[in-house]
1. At a 1.4 Å probe radius, which order do A:Met65, A:Met109, B:Met18 fall into by accessible area, largest first?
2. Nearest 10 degrees is fine. How inclined is helix A:2-18 to the longest principal axis of chain A, computing both from alpha carbons?
3. What does the structure give for B:62-75 when I average, per residue, the other chain Cβ atoms found within 10 Å of the residue Cβ?
4. Treating the angle as unsigned and between 0 and 90°, give the value, to the nearest 10°, between the Cα long axis of helix A:315-340 and the longest Cα principal axis of chain A.
5. Using a probe radius of 1.4 Å on protein heavy atoms only, what is the accessible area buried between chains B and A, both sides summed, to the nearest 100 Å²?
6. Ordering A:Thr290, A:Thr94, A:Thr71 from largest to smallest accessible area (1.4 angstrom probe), what's the sequence?
7. Alpha carbons only, please: Rg and Dmax for the protein assembly as shown, in angstrom.
8. In whole Hz, with x marking every Gly and Pro, tabulate ³J(HN,Hα) for region A:129-144 from phi via Karplus 6.51 cos²θ - 1.76 cosθ + 1.60, θ = phi - 60°.
Amino acid sequence: MEKLKNMKSINWSEFLLDYALYFILGLMIIGVAIADSTFFSTSNMWKILAQASTRGILALGVAGMIVLAGTDLSAGRILGCGAAVSASLLQSVTYASRMYPQITEPINMFIPLFLSIAVCVAFCALNGFGVAKLHMHAFIISLGTQLIAYGVLCLYIDSQKGGAQPIGSLDSNYINLVNGKNLGFGVVPNLVVFLVICAVVMWFVWNKTTLGKNMFAIGGNKEAAAVSGVHVAKNIMGVYLVAGVLYGISAFLEAGRVQSVTTSTGLNYDLDAISGCVIGGVSFSGGVGTIPGVLIGVVILQVINYSLYYLGVNPYLQYIIKGLIIILAVAIDVRKYIAKK
Amino acid sequence: MEQEKTETFENLSHEELMEKAKKLEEKEKGIEKKERELSVLEASITASKHNLYDKINVSVKTMNIFIGVLVVLLVLAIVVAIVYK
């Protein structure tokens, strides 16, 4: 009986420590809701989910790399490049200062989407090659790619006739497709529908395909996976290319969501995506993570962002709070790893 | 099948049986050697996990203190952010 009592108290403290972050975030959200009862209105919730959608799709790509025990610091800048390509091709044909005056008729939206995916896949292939073939650490190669992508983005935006200016005045059909609610799901914004589609596809890839199973095997123990007959380099490349496709889709949607692409588009999105993944239980030690976890993490982070903004908190303090949340999430993950060892 | 085998062994001379036994012993030794090699390989594989957290050499107690400090800091930051907005 004594032993059982002791066990119960130990489990309770373990439980509190493992879920400390969720408790604080939950309390914070409840606090905001008490301070302003309109916070939890349906329209606000849809707004938060729509804002979280593009970052959610980005996080689905980054999560694969974290499961491989790596990361991607270039995701945000790569997204910026894809968004610039999409926006430049989908500017209104009546806008005099558009980037491509030779486009006189609205083009099929699949073309910019495809080009955005192609650009993002190219950058991700570079990251994947560095990690899979050159055995570089994901931090280093993605840091380099981040700078390259930023340089390319600045050059592209600066190549406009009038010099560096935001790529805006987008086609109304494009804006309606991204920001509308016309996909036949009632009040659900199209962005949320796109996120759900991407999440379902990625759930299938992670759980039902050889690539997904190999990804977890490589993330858990690379050497063991190689000895078991898994082609490590090929599968790492596969994960990076899938992430590139997701970045491309996210970039296409983000350009339509913000309706104006500048050199700062995508700045810090990678950090939001990584912190969303870590909050959602994707472990930096590799081999651990779920798609619902990633989605929950991204939505929680967006709720925090929104609630801090809603409360009118100083933006500089918002950075400090977000930074502390990331460190706490990683510390809890490390503790779990040490306790298991 | 087993009967056939017994019959075959019965037909063998003492020298032939000794030779067969020797061969079997050699085979057994070979298998043992292979098993030893495999266990060494297995140990090297399980020990060669080089992930991000492997180099962290702290106790669970230290991590608990670190998490506690972080929680306090986070709560403080939120309170400060709400009070001084």
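The values are calculated or read from the model by the stated rules, or taken from the named source; none is laboratory data. Here the structure is a predicted model, which is why all the values come from computation and not from measurement. Cβ sites come from the backbone with ideal geometry, for glycine too, and all protein chains shown count toward neighbours. Accessible surface is based on the protein model in full, side chains and every heavy atom, while ligands, DNA and RNA are left aside. Shrake-Rupley method; radii C 1.70, N 1.55, O 1.52, S 1.80 Å.
1. Per-residue accessible area, sorted high to low, gives B:Met18, A:Met109, A:Met65.
2. 20
3. 6
4. Helix A:315-340 and the main axis of chain A meet at about 40 degrees.
5. In total, this chain pair buries about 2800 Å².
6. Per-residue accessible area, sorted high to low, gives A:Thr94, A:Thr290, A:Thr71.
7. Considering the protein assembly as shown through its Cα atoms, Rg and Dmax are 27.9, 104 Å.
8. Working through the residues one at a time gives 5, x, 6, 6, 9, 8, 6, 7, 6, 4, 4, 5, 5, 6, 5, x Hz.
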